[in-house]
Amino acid sequence: MCARGKDAMSESSVHRTASPRLPPVLAPHGAVLLRSLNGLLARWLPRQRWYAGKGRPLGSLTLVSATELLPCGTEGHTPGLLHLLVRTRPTGVGPQHPAGAPEDDCYQLLLGVRQVLPPALAPALLGRPTEGPLRGRAVYEALHDQRLAALLLERLRTPGRLGDLRFERTGSAIPSGLPARALDGDQTNSSVVYGEAHILKLFRRVSPGVNPDLELPLALASAGCSRVPPPSAWFEADSPDGTTEPMTLGVLQPFLAGSTDGWQLALKSLALRTDFSGAAHSLGRATAEVHTALAGALPTTVLHRPQLEQTATDMSARLSVAAAAVPALRPYRAGLSRAFDALAEHGRDGGTFTAQRLHGDLHLGQVLRTAGSEGRLSRWSLIDFEGEPARPLAERCLLQPPVRDIAGILRSFDYAACQNRAAGAWGDAWARASRHAFCRGYAEAGGTDPLAQPELLRAFETDKAVYEVLYEARHRPAWLHIPMTAIRRLAAGAHR
């Protein structure tokens, strides 16, 4: 599992219990509670953007824990707030299948409970249970209720336990009474902004272990790196089996008001036909600073022949899976495989590469540029250190070459240029200039030029492009031409 900083881990080392606890109003009715919500959740869960089981019929739900953050047994207009952890199991998986296996997912739900639902909250309604302790009351997505969302901030301001939940905070100031607004753009998680001061990210699909989006920013804050907003507070729950690390449920961080993500800046630059190399250069420096701080704060290793050969084998396996699913990829398999073969050959020739903890899913949408004030220059920050949420937590915590993050940014430059079809040849030149400027900035701040490791860079770029082909084919077929443009170039051995 991921390891949090030593101080933070010692603060959170408490006894874990295997049996879920229920609050007083629900304790006598635990089985009835879930049965009464089962139909509502079975219809509602698969429609959520963060639900990972798309295409797999929902077979069953198991209650892992239930905690009343506000009493749900009150009458009148006072809302209740219920925190649930539920485990889903797809249709066709029998009862003998061990809970917690890869086919199962555990989700965090925050449900509001009201006798009378205000019209403004009607779109958030899940339904009204016909039995159980919440019978006849409106059950709805609580994050859309400003009053309930604000309560989460108050809980995070006060460390301690409530049921199976444990709230922690650093010494950072957290103002009280900030207005709450839920963001609508997240795909795999949910976020709430409090005033212009803080943002709370709630992890919807959770598993035992410290989420990298808490672990890595804590480590970077301890190392004095200011490129990443430091956690102000977080909360977690006991693991279902009571023996492993707790599950990270949410992280509160400073909100970078007035910032714009790199993707929007890149698209604007392409639309206006302005040079982006200065911004790319400074982004390269910022990325190198974060990598250097992570390498100093957390363990590193050196990849030798066995690890490089295994990396190449894994990349080839992902190519085979993608080619089986996307016929357009098949004519390029041989050319793409040469990049992986070259990586393995580098290892056989005695070559090595350093590996460390990384962002894991770095692209232009994961970096923010905040405008300077009073003559100060604008500044890049990196956010969302969760990695690829679809990957198992242990895999997201593996030590890997920094070039994986670099390849993600370089592919993102290409994505922006291809997404703006009107840019044509000018867009290709824009992408090349941005890529080289980023690598120069990275080399200046990090001491290593990504372009000086061609075997590694080409292999990771190719692996990323293959991933993009499979993703677009499944989720955004109209965008498939974007990674396929890179596939043709990479298969032919051409370089930017």
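The values are calculated or read from the model by the stated rules, or taken from the named source; none is laboratory data. This structure is a prediction, so every number in the text was calculated from the model and none was measured. Please note: Cβ atoms are built from the backbone with ideal geometry, for glycine as well, and neighbour counts cover all protein chains shown. For accessibility, only protein heavy atoms count, side chains too; no ligands or nucleic acids. Shrake-Rupley method; radii C 1.70, N 1.55, O 1.52, S 1.80 Å.
Observations
- Exposure ranking of L249, L126 by accessible area [1.4 Å probe, largest first]: L126, L249
- Given a 1.4 Å probe and the protein chains as shown, S172 ends up with an accessible area of around 40 Å².
- Compared with the dominant principal axis of the Cα atoms in the chain, helix 333-348 is inclined by about 80°.
- Shape of the chain from the C-alpha gyration tensor: prolate (a/c of 1.5 or more and a/b above b/c, with a ≥ b ≥ c the square roots of its eigenvalues).
- Protection proxy ranking of 299-311, 423-435 - average other beta-carbon atoms within 10 Å, highest first: 423-435, 299-311
- Region 256-381: C-alpha gyration tensor shape, a/c 1.5 cut-off, then a/b vs b/c: oblate
- Cα gyration tensor shape of region 168-311, rounded if a/c is under 1.5, else prolate or oblate by comparing a/b with b/c: oblate
- In degrees, nearest ten, helix 305-325 long axis to first principal axis of the chain (Cα): 70
- Averaging the sequence gap over all C-alpha pairs within less than 8 Å and six or more residues apart, then dividing by the number of residues, gives region 333-458 a relative contact order of 25 percent.
- Summed over the residues of region 414-478 and divided among them, the accessible surface reaches 43 Å² per residue at a probe radius of 1.4 Å.
- Taking every alpha-carbon pair under 8 Å whose residues sit at least 6 apart, the chain reaches a relative contact order of 13 percent.
- Mean Cβ neighbour count within 10 Å, used as a protection proxy, ranking 410-422, 477-489 highest first: 410-422, 477-489
- Summarising the amide proton neighbourhood of D105: residues at separation of 5 or more, or on other chains, whose placed amide H is nearer than 5 Å comprise T88.
- Acute angle (nearest 10 degrees) that the helix 403-419 long axis makes with the longest principal axis of the chain, alpha-carbon atoms: 90
- Here the chain is treated with +1 on each Lys and Arg Cβ and -1 on each Asp and Glu Cβ, and its dipole about the Cα centre works out to around 980 debye.
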